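Worksheet: one structure, shown below.
Each reported figure results from applying straightforward, stated rules to the coordinates on display, with no laboratory input. Please read all numbers here as calculations on a predicted model, not as lab measurements. For neighbour counting, all protein chains shown are included, and Cβ atoms are generated from backbone atoms with ideal geometry for every residue, glycine included.
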């Protein structure tokens, strides 16, 4: 503050004054410090706990489906897990299409985004968004807008870990 | 850069708004509200076009003039190629200028319109400004059904459209002066934290306006900023004091903070945003108060973050711009 009053006293014109302020007083670094004091931080612990619990519940639901399939329908374990994934994807996509999954996501945070439900939701929501722009230029071109990178790096990492497993553990 | 105007008056204004704004503080003051985001159209973009057309029809009824009397139509919104206003302008069949300065567009329009009115050939200018939560969300962030969790600092794009007619006939509210702002970049890269992005440019524009017009904060009844949000408002107050030694005191209000009832509407987080935010507040509450004589001199500072998802993905920071327009009640 004293610095400004001195400048005002010496009658430097305001452009110079302004440049001086930008250079000396409010550079990007000090501005960042100032804003970080005012802008609130997200409660990471709370969000983490919510995501942990909700994500765990989704996992529990999947496990229940697997149990039911194995014990009541005599499905082999390997097939039961695949069917469970299909069921979860179907439920998530249906909820997205009915228009309330986004409200759940904004409350449950990453708890619904990280499991397979999030993947289904991301794809379905992109497709709904571009439905009016046609089958090819709309849905086709934008279905993997959000999930394309998941698929790409999923496949790449599958290759990498597959090779590692083949080389070091013998397949 | 400050311009003084001698013959520019505000003839009539109109506002239409969506459902979230209807539940907000000025819900009853809007000329027309819609119960959903579609406004009876098939897509969000088309509903934005419809909102502009509705607002324009209302403003013509209020001003009791015809479309033929409008010399230039100026339109601004958030979308690429200024799509909604460009499509709406087809129906008007009048000369059209599309302008873009993100959320600072409203004041930019008034500045351009007022400057055009200095010409003798031009006597009426129509300024439209619109934004739509869903179309903006789609273009700048994620698909609308995705519902990505938003941090507390994020703002909620206002759904609505506002029109005003500027004229050179004498009216009660006069546009006396305007300051064209300078683009400012303080190195903020967070696309959710628009308040921090825009506060420095708002401060600079307010400072330059006060300097150029030889006025102080006390000369104004209200300094209304566009869409800084609750945290941006606080940053502006602190920054103004630190960088320019100007105390805004209680003269400063931010339309993002007052457009919604933030306690009842938790989805809006830090407040409203979008070019229509300042317009909806100004053309309802502020104009009413000016007409009633409660406010005499108001400085509107429209703040805009010139955000581009492409440049943001390239790790560049967000520049911002603010323009100021001074409205005064004349006898």
### Query
Hey, if you drop one equal point scatterer on each alpha-carbon of the stretch B:141-243 and run the Debye formula without solvent, what base-10 log of I(q)/I(0) do you get at q = 0.23 Å⁻¹?
-1.33
### Summary
Here the whole-number average of other chain Cβ atoms within 10 Å per Cβ of B:236-244 is 4
#### Entry: Distance in nm between pseudo-label sites at residue B:261 and residue A:135 (7 Å out along the Cβ direction from Cα)
4.8
### Query
Highest GNM mean-square fluctuation, chain B, Cα pairs closer than 10 Å: which of B:250, B:185, B:71?
B:250
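What ranking do A:66, A:136 get, fewest neighbouring Cβ atoms within 10 angstrom at the top?
Details: A:66 18, A:136 8.
In order of increasing Cβ crowding within 10 Å: A:136, A:66.
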### Summary
Percent antiparallel among DSSP beta bridges confined to chain B, rounded to 5, stands at 65
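To make sure I understand, if each residue's beta carbon is the centre and we count other beta carbons within 10 Å, what order do B:216, A:35, B:15 fall in, fewest to most? Can you show the working numbers first?
Numbers: B:216 11, A:35 25, B:15 28.
The order, fewest Cβ neighbours first, is B:216, A:35, B:15.
If each DSSP helix of 4+ residues adds -39,500 (n - 2.57) and the sum is divided by the residues in the protein assembly as shown, what number results at 222 nm, nearest 500 deg cm²/dmol?
Values: 20 runs with 239 residues, N = 502.
Mean residue ellipticity at 222 nm (helix-derived): -15000 deg cm²/dmol.
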#### Entry: Peptide A:126-132 - average C-beta neighbours from other chains (10 Å radius)
4
### Query
How many nm separate the modelled label positions at residue B:81 and residue B:241, each set 7 Å beyond the Cα in the direction of the Cβ?
4.8
### Query
When DSSP assigns beta bridges and you keep just the ones with both residues in the stretch B:7-167, what percent turn out antiparallel, to the nearest 5?
60
### Task
Sort B:50, A:132 so that the residue with the fewest other Cβ atoms within 10 Å of its own Cβ comes first and the one with the most comes last.
A:132, B:50
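Counting DSSP beta bridges in the protein assembly as shown, what percent are antiparallel, to the nearest 5? All intermediate terms of the calculation are to be shown ahead of the outcome.
Working: 37 of 57 bridges.
Approximately 65 percent, going by the DSSP bridge assignments.
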### Summary
Here the tail fraction of P(r) beyond 24 Å, over all Cα-Cα pairs of the stretch B:173-329, rounds in percent to 30
### Query
Expressed as a rounded percentage, what relative contact order does the stretch A:44-169 have, with Cα pairs under 8 Å and six or more residues apart?
22
### Message
Let me check against my output: what whole-number percent is the relative contact order of the stretch B:173-329, with C-alpha pairs under 8 Å and at least 6 apart?
### Response
39
### Task
May I ask you to derive the relative contact order of chain B, considering only C-alpha pairs under 8 Å and at least 6 residues apart, and to give it as an integer percent?
25
### Query
What do you get for Rg/Rh over the stretch B:7-167 if you use C-alpha atoms and the Kirkwood form of Rh?
0.98
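What number do you get for the protein assembly as shown when its Cα radius of gyration is normalised by 2.2 N^0.38 Å, N = residues?
Details: Rg = 26.0 Å, N = 502, 2.2 N^0.38 = 23.4 Å.
For the protein assembly as shown, the normalised Cα radius of gyration is 1.11.
Return the average number of partner chain Cβ atoms within 10 angstrom of each residue Cβ along peptide B:136-144. Let's see the in-between values first.
Working: counts 0, 1, 2, 0, 0, 0, 7, 15, 5.
For peptide B:136-144, the averaged partner shielding equals 3.
D for chain B, whole µm²/s, Stokes-Einstein with Kirkwood Rh over alpha-carbon pairs at 25 °C and 0.890 mPa s: what number?
Numbers: Rh = 19.4 Å.
Stokes-Einstein gives a translational diffusion coefficient of 127 µm²/s.
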### Message
Given points 7 Å out from each Cα along the Cα-Cβ axis, report the residue A:27 to residue A:64 separation in nanometres with one decimal.
### Response
5.9
